[in-house]
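The values are calculated or read from the model by the stated rules, or taken from the named source; none is laboratory data. As the structure is a computational prediction, the values presented were derived from the model and not from experiment. Backbone-built Cβ (ideal geometry, glycine too); neighbour counts: all protein chains shown.
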Ligand SMILES: Nc1nc2c(ncn2[C@@H]2O[C@H](COP(=O)(O)OP(=O)(O)OP(=O)(O)O)[C@@H](O)[C@H]2O)c(=O)[nH]1
Ligand SMILES: [Mg+2]
């Protein structure tokens, strides 16, 4: 039985063929279905158009979902969050795998990492969060990658010592600068006050390859004054103890311990505070009520004699033990 389709149907069909986005295709298909006369001759065609339509709608939903979840964030944990930054295939994920309990994909081809993944690095009695990210490239970025870098406490710039680490570092700095992310003390006027100043540690990875030492020496000569840097091998675990310590230093924090009167302090669980914090800052960390109720504190360490009374504005030092009195 012939379909006997009216001319408007063919106009809608033309729009369907020429449509560039799914929403236009959906509109054209719906029009075609509405125009089509109902009879036996159009049954097959109707069924096939309906199938196309439902496929398109599923696709549209999937895209919406993707753009929502495209905004990844990583909840901060531990003493601080450090983001891994680097070109494809330099060993960022391998570094996360060897320093933490995380089990990210590591592969000998680029763009293995597509999503952020976090793991905790242990340094003495402190946990530091390391976040693995997709690689940086000159022309393709996803905004959420930079959002994570901006909200991190510090960056680990990972370079591949088996390739040209100078070129890699320069490219990283250019891309970051374009996103207003800059290492501190860079004489860079146009970054201005809107820039995100990020303390950065340069890590030369693949320190196990033959040319690594020479490449690292060149890097140190040119950038050693500007960045703290270290050579590691993520694969062999080379220099990982030093790296843990450097990660801690990078965070610019201190550890203090609170004790209850008449009790020993728990030295395994420090309170992490920014350098320059006071007794009152510690009180805030422990309990919000302490801020108003705090009368004085006693301190051990800090070059004071043991148990000396100090006021709430007293600046603390790394390793101090404090007894808060309310
Ligand atoms: N020789 C050597 N190879 C390494 C080292 N670390 C990583 N690799 C290798 O380098 C390749 C890339 O490692 P990944 O950890 O996947 O690199 P990535 O930087 O996360 O890569 P993307 O996710 O694509 O950005 C793998 O084949 C690793 O085995 C290392 O210390 N020495
Ligand atoms: Mg990776």
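A few notes on this one:
- Count - residues of segment 56-100 that are under 30 Å from residue 21 (Cβ atoms) and modelled with pLDDT of 85 or more: 3
Here is a yes/no grid of residues against (1) within 16 Å of ligand 1 (Cβ to nearest atom); (2) in contact with a helix residue (DSSP H, G or I) (Cβ under 6 Å, 6 or more places away or on another chain):
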site: 76; (1), (2): no, no
site: 89; (1), (2): yes, no
site: 102; (1), (2): yes, yes
site: 151; (1), (2): no, no
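- Checking each residue in segment 216-236 for being within 16 Å of ligand 1 (Cβ to nearest atom) and more than 19 Å from residue 85 (Cα to Cα) picks out only 236.
- Looking at 238, 273, 250, 282, just one residue is touching a helix residue (DSSP H, G or I) at 6+ places or on another chain (Cβ under 7 Å) and buried (at least 17 other Cβ atoms within 10 Å of the Cβ), and that residue is 273.
- One residue from 262, 307 being without any contact (Cβ under 8 Å) to a residue 40 or more places away in the chain, touching a strand residue (DSSP E or B) at 6+ places or on another chain (Cβ under 6 Å) and either surrounded by fewer than 13 Cβ atoms within 10 Å (Cβ to Cβ) or closer than 21 Å to residue 99 by Cα (or both): 307
- Which numbered condition residue 114 fails, given (1) within 12 Å of ligand 1 (Cβ to nearest atom); (2) closer than 25 Å to residue 238 by Cβ; (3) in a loop (DSSP other than H, G, I, E, B): (2)
- Which listed residue is within 15 Å of ligand 2 (Cβ to nearest atom), in contact (Cβ under 8 Å) with a residue 40 or more places away in the chain and touching a strand residue (DSSP E or B) at 6+ places or on another chain (Cβ under 9 Å), from 156, 169, 161, 176: 156
Yes/no matrix, rows are residues, columns are (1) closer than 16 Å to residue 147 by Cα; (2) at pLDDT below 95:
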{"site": "180", "(1), (2)": "yes, yes"}
{"site": "188", "(1), (2)": "no, yes"}
{"site": "195", "(1), (2)": "yes, yes"}
{"site": "201", "(1), (2)": "no, no"}
{"site": "204", "(1), (2)": "no, no"}
{"site": "216", "(1), (2)": "no, no"}
{"site": "232", "(1), (2)": "no, no"}
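- Residue in segment 277-287 that is without any contact (Cβ under 8 Å) to a residue 24 or more places away in the chain and under 30 Å from residue 89 (Cα atoms) present: no
- For segment 92-111, filtered to residues that are under 22 Å from residue 153 (Cβ atoms) and part of a loop (DSSP other than H, G, I, E, B), the residue that is farthest from ligand 2 (Cβ to nearest atom) is 101.
- The residue list 106, 126, 85 contains one member that is surrounded by fewer than 21 Cβ atoms within 10 Å (Cβ to Cβ), assigned by TED's automatic domain parsing to the domain that holds residue 156, more than 8 Å from ligand 1 (Cβ to nearest atom) and in contact (Cβ under 8 Å) with a residue 12 or more places away in the chain, which is 126.
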